[in-house]
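Novice: To start, I am sharing the structure in question, which I have written as structure tokens.
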Amino acid sequence: MRNVQSEVKVMRDALIERLFCKMQENKKIFLISADFGAPALDKLRENFKDRFINVGIAEQNLVNISAGLALEGFIVYAYAIAPFITMRAYEQIRVNLSLLSHTRKINVNLIGVGGGLSYDVAGPTHHCIEDISIMRVLPNLMVCSPSDWVLTEKFVDFSINVNKPKYIRLDGKPLPRIYHDPEEFNIENGFHELVQGKDVCLVSTGYMTHKALNVANKLRENNINIGVIDVFLLKPFNEDLIYNLLEKYEHIITLEEAFINKGGLDSMISCVLSNKASHIKLKRLGFGDKYVFDIGSRDYFHKLNNIDEEYIIKVIENASNNISRRAWNESKGTYKKRSSEAHAYRP
Amino acid sequence: MNLTDLLKNKSLWVKQETLKLHKRAPGTRIASSLSCIEILVVLYYGKILSCDPKNIQWDTRDRFIVSKAHGSVSLYPILADFGFFEKEELKKIGKEGSILGDIPDNSIPGFETINGSLGHGLGVACGVALALKRKNLNAKVFVLSGDGELYEGSVWEAIMFASHHKLDNLTLIIDNNKICMLDYCKNILNLEPLDDKFRSFGWMTKIVDGHNIEQLYYALADLKKDESNQPKVLIADTIKGKGVPRLENDSLCHIKALKEDEIDKIIMELT
């Protein structure tokens, strides 16, 4: 048995520790912060005084300084709180990373800490539910959204080697590991099927992949096997590769701590299905067209916005009922197996 | 020919060529491109900038970042004259397939960065200047910015950064033509006293007449040699639309285009 408690970690700590190792061997790596830290960062600040720079609370300059260093061949990690690095400095990202990298090779990695509702109690300025949509729009920019600290470490190695601008969205809370051997698949594929299922599949990113796994585990106790696909590279994205996986399911449910119907993970999957003229049913779960001003925990916000585990299970139940009803109709009574399964979906 | 005469002759030629470019591409910002001609001529023909058109990415070149991209169409003839691209390109400006648009970008050989949006150049230049120091390269970074551009808050983030990090390899040249798009800066938000502002932010500051070749040359040559541990700013007082009487002193000259037949007459009368 693994000791689960000891394997809980904040993604930003995993990133900083891995960067610390890499900075020892690679003198080209800089870490630039917009006055944002972490206890794990103290050792790095102390050891690499010439390659750690605090630009102050100035995200626009954070991106511009990073672009300038990268133009001269340095590998730069620009480190700040997710909503501010993406939205305060959006035009700097557009001009000096996205546009500039059309003609020049620049390796700038925007590290946004606190994607989604990581900063739950801090309120709506610190919630970050727009970033996936707006960062996906920009050409030449990669969008990474790891779901655990093991993948986060892997993204450090990946980002050093891939000479392009990237946005790496990290969750802010301590989370258990999901991956044990990430070497077994290619990170550039962009996703991984964590649970193979039947009929219904949850497609999620970041923190919500933990929720998807919880839901899949609960349902498995009732002999219901749904699939779970974790999407950790939202751009670029291999449409054919993910469709090969999706097409064995009849119902896809996307799950993200982000606005839906606005260009996020849900829109990405919807485009894949539409481009393939697929008849797979799609249900999008995420935040509607409003901000959250209530005070409460992340779970409380999820309940308010219908992305809590209970609601997800209800959606799956409906989906599988529809699937079995349709199968029953199509087979005119000869179909038995799915019908009995459908009953088992009721918890 | 002595250097002053050479620079004066080149200034006249660049002015003529810039007006011809404007005739072919009326969308170019002519008034703003006329105010910085002597600055550009001194930088290139006065050999303040070390550059090599045959090896554009040469490691020890001086980096020149044109932050006021709209008003730098006058750099096109200079870059063509130096051989960064074919002179024939000047005739194709704004046409399908040309590399030259109304606002320059860095797909044009000789432009380091992309600056159609204002207020970006100095911040990126700070990153470049810091990188050159870390690489122990003696190259310098020059930035040309407009005064109106100083309204962008990101510029002041960079101004603070440059002096804190003692970026003495960085020189900002302000084409201080005192006019924005809609009005004189003094009527929008007064920027003066500009030199005091920079001084209080820890910058070495100089003011020159931005149309006086000799003042520009000696100031830039001095600043390039200076080892005072401070970033440097050269405030070049200029006239927007310089050389075209109907543009000079017109608070709306930024958005005014000249008529085709008018341009030939202006070129004839230039001295």
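Novice: Looking at the range B:34-76 only, could you name the residues that are more than 18 Å from residue B:20 (Cβ to Cβ), at pLDDT below 95 and among the small types (Gly, Ala, Ser)?
Specialist: If the condition is that a residue be more than 18 Å from residue B:20 (Cβ to Cβ), at pLDDT below 95 and among the small types (Gly, Ala, Ser), then B:69 is the only one that fits.
Novice: If we keep just the residues of the range B:97-120 that are within 16 Å of residue B:141 (Cβ to Cβ) and at pLDDT 95 or above, which is farthest from the other protein chains (Cβ to nearest Cβ)?
Specialist: Only one residue fits best here, namely B:110.
Novice: Consider residue A:156 carefully, then state whether it is more than 13 Å from residue A:86 (Cα to Cα), of a type outside the set (Gly, Ala, Ser) and touching a residue at least 40 places away in the same chain (Cβ under 8 Å).
Specialist: So residue A:156 passes the test.
Novice: Would you be able to tell me the number of residues in the range B:213-246 that are outside any strand (DSSP E or B), touching a residue at least 40 places away in the same chain (Cβ under 8 Å) and within 20 Å of residue B:30 (Cα to Cα)?
Specialist: 7
Novice: Is one or more of the residues making up the range A:102-114 farther than 26 Å from residue B:122 by Cα and in a loop (DSSP other than H, G, I, E, B)?
Specialist: Scanning the range A:102-114 turns up at least one residue that is farther than 26 Å from residue B:122 by Cα and in a loop (DSSP other than H, G, I, E, B).
Novice: Testing residue A:122 on (1) aliphatic (A, V, I, L, M); (2) in a loop (DSSP other than H, G, I, E, B); (3) within 13 Å of chain B (Cβ to nearest Cβ), one condition comes back false. Which one is that?
Specialist: Evaluating residue A:122 over (1) aliphatic (A, V, I, L, M); (2) in a loop (DSSP other than H, G, I, E, B); (3) within 13 Å of chain B (Cβ to nearest Cβ) leaves (3) as the failure.
Novice: Looking at A:96, A:109, which is the one that is open to solvent by less than 10 Å² (accessible area, probe 1.4 Å), within 14 Å of chain B (Cβ to nearest Cβ) and touching a residue at least 24 places away in the same chain (Cβ under 8 Å)?
Specialist: Only one candidate qualifies: A:96.
Novice: Could you run through the range A:221-242 and say how many residues are outside any strand (DSSP E or B) and either closer than 18 Å to residue A:264 by Cα or without any contact (Cβ under 8 Å) to a residue 24 or more places away in the chain (or both)?
Specialist: Number of matching residues: 8.
Novice: Residue B:89 is checked against (1) over 26 Å from residue A:60 (Cα atoms); (2) away from chain A (no Cβ under 14 Å); (3) not in a helix (DSSP H, G or I) and fails just one. What number does that condition carry?
Specialist: Going through the list (1) over 26 Å from residue A:60 (Cα atoms); (2) away from chain A (no Cβ under 14 Å); (3) not in a helix (DSSP H, G or I), residue B:89 breaks only (3).
Novice: Could you check, for the range B:134-150, whether at least one of its residues is open to solvent by 30 Å² or more (accessible area, probe 1.4 Å) and within 8 Å of chain A (Cβ to nearest Cβ)?
Specialist: Looking for residues that are open to solvent by 30 Å² or more (accessible area, probe 1.4 Å) and within 8 Å of chain A (Cβ to nearest Cβ), one finds at least one in the range B:134-150, hence yes.
Novice: Select from the range B:162-174 the residues that are open to solvent by 10 Å² or more (accessible area, probe 1.4 Å) and in a helix (DSSP H, G or I) and write down the one among them that is nearest to the other protein chains (Cβ to nearest Cβ).
Specialist: Only one residue tops the list, namely B:164.
Novice: Which one is modelled with the lowest pLDDT, of the residues in the range A:312-347 that are farther than 17 Å from residue A:199 by Cβ and open to solvent by 60 Å² or more (accessible area, probe 1.4 Å)?
Specialist: A:334
Novice: With the structure loaded, tell me whether residue B:105 is within 15 Å of the chain's Cα centre (by Cα), charged (D, E, K, R) and farther than 19 Å from residue B:216 by Cβ or whether it fails that test.
Specialist: When the stated conditions are applied, residue B:105 passes them.
Novice: Check A:78, A:82 and return the single one that is buried (at least 23 other Cβ atoms within 10 Å of the Cβ) and within 14 Å of another protein chain (Cβ to nearest Cβ).
Specialist: Only one candidate qualifies: A:78.
Novice: A further question on this structure: Find all pairs meeting these conditions: Cβ atoms under 8 angstrom apart; at least six residues apart or on different chains; first residue within the range A:243-256 and among the small types (Gly, Ala, Ser); second residue open to solvent by 10 Å² or more (accessible area, probe 1.4 Å).
Specialist: Pairs that qualify, where the first residue is among the small types (Gly, Ala, Ser) and the partner is open to solvent by 10 Å² or more (accessible area, probe 1.4 Å): there are none.
Novice: Okay, moving on. Exactly one condition in (1) away from every other protein chain (no Cβ under 13 Å); (2) buried (at least 23 other Cβ atoms within 10 Å of the Cβ); (3) among the aliphatic types (A, V, I, L, M) is not met by residue B:158; state its number.
Specialist: Failing condition for residue B:158: (1).
Novice: Please indicate, with yes or no, whether at least one residue in the range A:48-65 is of a type in the set (D, E, K, R) and open to solvent by 40 Å² or more (accessible area, probe 1.4 Å).
Specialist: Yes; the residues of the range A:48-65 include at least one that is of a type in the set (D, E, K, R) and open to solvent by 40 Å² or more (accessible area, probe 1.4 Å).
Novice: Where residues in the range B:181-195 are hydrophobic (A, V, I, L, M, F, W, C), assigned to a loop (DSSP other than H, G, I, E, B) and open to solvent by 30 Å² or more (accessible area, probe 1.4 Å), which of them is modelled with the highest pLDDT?
Specialist: Applying the filter and picking the extreme gives B:189.
Novice: Ok, one more. Evaluate the following for residue A:287: is it surrounded by 22 or more Cβ atoms within 10 Å (Cβ to Cβ), within 18 Å of the chain's Cα centre (by Cα) and within 30 Å of residue A:109 (Cβ to Cβ)?
Specialist: So residue A:287 fits the description; yes.
Novice: Further, regarding this structure: For the range B:69-77, does any single residue satisfy the condition of being open to solvent by 20 Å² or more (accessible area, probe 1.4 Å) and small (Gly, Ala, Ser)?
Specialist: No, every residue in the range B:69-77 fails to be open to solvent by 20 Å² or more (accessible area, probe 1.4 Å) and small (Gly, Ala, Ser).
Novice: Can you pull out the helices (runs of 4 or more DSSP H) entirely within the range A:9-75 that have at least 2 residues that are touching a strand residue (DSSP E or B) at 6+ places or on another chain (Cβ under 8 Å) and within 13 Å of another protein chain (Cβ to nearest Cβ)?
Specialist: Correct list: A:59-71.
Novice: Suppose we keep only residues that are among the acidic types (Asp, Glu) and closer than 19 Å to residue A:147 by Cβ within the range A:244-271. Which one would you say is surrounded by the fewest Cβ atoms within 10 Å (Cβ to Cβ)?
Specialist: Top of the filtered list is A:266.
Novice: Across the range A:290-309, which residue is least open to solvent (accessible area, probe 1.4 Å) among those that are touching a strand residue (DSSP E or B) at 6+ places or on another chain (Cβ under 9 Å) and not in a helix (DSSP H, G or I)?
Specialist: Top of the filtered list is A:307.
Novice: Can I ask one more? May I ask you to list the residues in the range A:272-284 that are open to solvent by 30 Å² or more (accessible area, probe 1.4 Å) and either within 19 Å of residue A:146 (Cα to Cα) or in contact (Cβ under 8 Å) with a residue 24 or more places away in the chain (or both)?
Specialist: A:275, A:276, A:281, A:282, A:283, A:284
The values are calculated or read from the model by the stated rules, or taken from the named source; none is laboratory data. Since this is a predicted model, take the numbers as computed values, not measurements. A quick note on method: Cβ atoms are made from the backbone with ideal geometry, for glycine too, and the neighbour counts reach across all protein chains shown. Side chains included, ligands, DNA and RNA excluded: accessible areas come from the protein's heavy atoms. Shrake-Rupley method; radii C 1.70, N 1.55, O 1.52, S 1.80 Å.
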